[in-house]
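Each value in this text was obtained by applying a stated rule to the coordinates, not by laboratory testing. Please read all numbers here as calculations on a predicted model, not as lab measurements. Cβ atoms come from the backbone with ideal geometry, glycine included; neighbour counts cover every protein chain shown.
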Amino acid sequence: MAELTETRIPVSDGIHLHAVVAGPEDGPLVVLLHGFPEFWHSWRRQIPPLAEAGFRVVAPDQRGYNLSDKPRGVHAYRLDALTADVAAILDWAGRDRAVIVGHDWGGAVAWRFAMDYPQRVERLVIMNAPHPVAFAREMRHWSQRRRSWYMFYFQIPWLPETLFALSPLGTARLFFRKAAFRKGAFSDDDVRAFATAMGQPGALRAMIHWYRAAFRYPPAQRVRPIEAPTLLIWGVKDIALGVELTRGLEKWVPNLTVHYIQDCGHWVQNEATEEVNAALLGFLRASGA
C-alpha cells in the first residue's frame, strides 16, 4: 500500500492548500481535483493504485474546503483564482506539466485549466463534469435547468450554508447516500469524514461561494479548444447532470475519448471504483505518461 503524507502548499493570493501526496517523487505528476461537497478523501480509492503504478499523486483540498485556507468573500472563489491554484501546485512540485484529473467542480477547474494553461497539461481526465460549452447549450432546456435547480438556490445569501450547518452529518448523508445511484458506495466512516470536513469553520460558506462566484465572475477569457488528449468518464445515472452534456464536443475537445459507465451515478470514482481505475490507468499508460 502506498504511503500517504500530508502537506500544505502555498498557492495564489497567499493562500495555503492542505494536500495528500503519494508515490515516487520522480514519477509523472497527477493532480486530483475533487468537487462539491467533497475533499481529498473522494480520491482515497484512486491514490494508492496511481502511486503504486509509479505516479506522483497530489490530491489537494481545494480552497475553501476541509483543512485548506478559506478566504473571505465570493470574489476569492472565481474560476481564474481556482485555476491559478492548480498552476501553483505544479510550481510547488517543480513540474512544467502534469496529468490533471477532476470530478464535478474539480472537473470544471480542470476544463478551464486546460484552456488557460494548455502547455502545462500532459493529459486531461474529467469525471462527471460538463464542458462549459455543453453546459451552456443544455441549460437552455428545461430538463437540465430542473436538474441544476440547486445552483440557483445557492445564490441566496447565507441561507443554504446556514441550513446545511444545522447538521453536517445529515447534509453528508443527503449528498453521498441519497444522491448516489449505487447506495453502497460510501461507508458510515466515509459519511462521517465528509461531515467533519463540512463542519470545519467557514467551510460550508466557502464551498457555496464557488457557485456564487460562477454567476458573478464568469471567466474573462473565451472558451478555447483543448488539444491535450482527454478522457471523459461519465456515470450515466447522474441525477444532476444529463448524459446529453457529453455530446457535441468534437470542435472543442478534438482528442476526446468518452467512457460511459452504466448504472452509475454522479460519484463515479466511488460508485464504480474498479472500472474507473482501469479506465484511468489504461489511459495514462497508453500515453506513456
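Observations
- Candidates per GluC sites (Glu not before Pro) in the range 198-272, loop by DSSP, up to 15 other Cβ within 10 Å: 227, 250
- Loop chymotrypsin sites (Phe, Trp or Tyr not before Pro), the range 131-200 (other Cβ atoms within 10 Å of the site Cβ: 14 or fewer; DSSP): 158
- Within the range 17-82, the proportion of C-alpha pairs whose separation exceeds 20 Å stands at 32%.
- Electrostatic tally near residue 246: other residues with Cβ closer than 15 Å to its Cβ, Lys and Arg +1, Asp and Glu -1, net 0.
- Taking only the C-alpha atoms of the range 49-175, Rg followed by Dmax gives 16.7, 46 Å.
- Shown here for the range 1-68: GluC sites (Glu not before Pro) in loop regions (DSSP other than H, G, I, E, B) with at most 15 other Cβ atoms within 10 Å, namely 3, 25.
- 3J(HN,Hα) along the range 76-93: 5, 10, 5, 5, 5, 6, 5, 6, 5, 4, 5, 4, 5, 5, 4, 4, 4, 7 Hz, from the Karplus curve 6.51 cos²θ - 1.76 cosθ + 1.60 with θ = phi - 60°, whole Hz, x for Gly and Pro.
- Computed over Cα pairs, the Kirkwood radius of the chain leads via Stokes-Einstein (0.692 mPa s, 37 °C) to a diffusion coefficient of 174 µm² per second.
- Inter-label distance, residue 155 to residue 187: 4.1 nm, where each label sits 7 Å from its Cα along the C-beta direction.
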